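Q: Structure incoming, see below.
The values are calculated or read from the model by the stated rules, or taken from the named source; none is laboratory data. Since the model is a prediction, treat every value here as computed from it, not as a measurement. Here Cβ is always computed from backbone atoms with ideal geometry, including for glycine, and neighbour counts include all displayed protein chains. Surface areas here come from the heavy atoms of the whole protein model, side chains and all, with no ligands, DNA or RNA. Shrake-Rupley method; radii C 1.70, N 1.55, O 1.52, S 1.80 Å.
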Amino acid sequence: YANGRYGMDVDATRAYGLWSSAAEGGSIEAEYWLGDALMNGSGVGKDVDAAVSHFEAAGCERSRFQLGRYEYNEKRNLARARLHWTIAARMGDQDSLHSLGRLKNKGLISKIGYEDALAGYQNALEETRSEQRDRAREYGFNPRDGILNDDDYGRCLREHGIDPMSLLRSRTHGP
């Protein structure tokens, strides 16, 4: 409902309600998406404090990236932003690695600190590498958000005999 994919009508309020139910059941992804909705005011009023709480509860790499953005842009707390981005980069989040690279280029973190995060990022990529994920990327699957567009979904089924939804089961935790 959040994005109107797979023929659904866009209904941000309904998406928020479904994420809330899923988060109550322990879904890390739902916690992330609740944080995202609250940070942006999608389907609900904007509530930065509640968004931060949901990102903290999720603890996934994308949540850590968002917490780093919040700390850097809103709180002006470089140390906490760097910590969140370093943890997220070590979990395989490319945006966090890029954020650390920008800090390094501005002289705000050391080359050694950046290289440590880069090594962790590369290790995370290697640990999650699999033939199934490589094939999924070939068919337009974005492992970050678990989304195939409708054309790619049909092509996977028709041409390759692959059920794209089965690819979701091989994803790492977090959006």
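Q: Residue 73 versus residue 18, label points 7 Å from Cα toward the beta carbon: distance in nm?
A: Label-label distance for residue 73 and residue 18, simple model: 2.6 nm.
Q: DSSP loop (so not H, G, I, E, B), at most 16 other Cβ within 10 Å: list which trypsin sites (Lys or Arg not before Pro) in region 3-83 pass both filters.
A: Listed in order of number, the matching sites are 46, 75, 76.
Q: On each of the three principal axes of the Cα atoms of region 33-132, give max minus min coordinate, whole Å, ordered largest first.
A: Extents along the principal axes, in whole Å: 40, 40, 17.
Q: Please list 3J(HN,Hα) in residue order for region 6-23, calculated via the Karplus relation 6.51 cos²θ - 1.76 cosθ + 1.60 where θ = phi - 60°; whole Hz, with x for glycine and proline.
A: My calculation for region 6-23 gives 6, x, 7, 6, 6, 8, 4, 5, 5, 4, 4, x, 5, 4, 4, 4, 5, 5 Hz in order.
Q: If you don't mind, there's one more thing I want to ask. So for region 1-86, Kirkwood radius off the Cα pairs, Stokes-Einstein at 20 °C and 1.002 mPa s: how many µm² s⁻¹?
A: Diffusion coefficient, whole number: 164 µm²/s.
Q: Take residue 110 and residue 47, extend 7 Å from each Cα along the Cα→Cβ direction, and tell me the distance between the two endpoints in nm.
A: 4.2 nm
Q: Roughly speaking, to the nearest percent, how much of region 63-128's 1.4 Å accessible area is carbon and sulfur?
A: Ligands and nucleic acids excluded, carbon and sulfur give 45 percent.
Q: Below 18 Å, Cα to Cα, which lysines can residue 46 reach? Residues fewer than 8 away in the same chain don't count.
A: Those lysines meeting the cut-off are 75.
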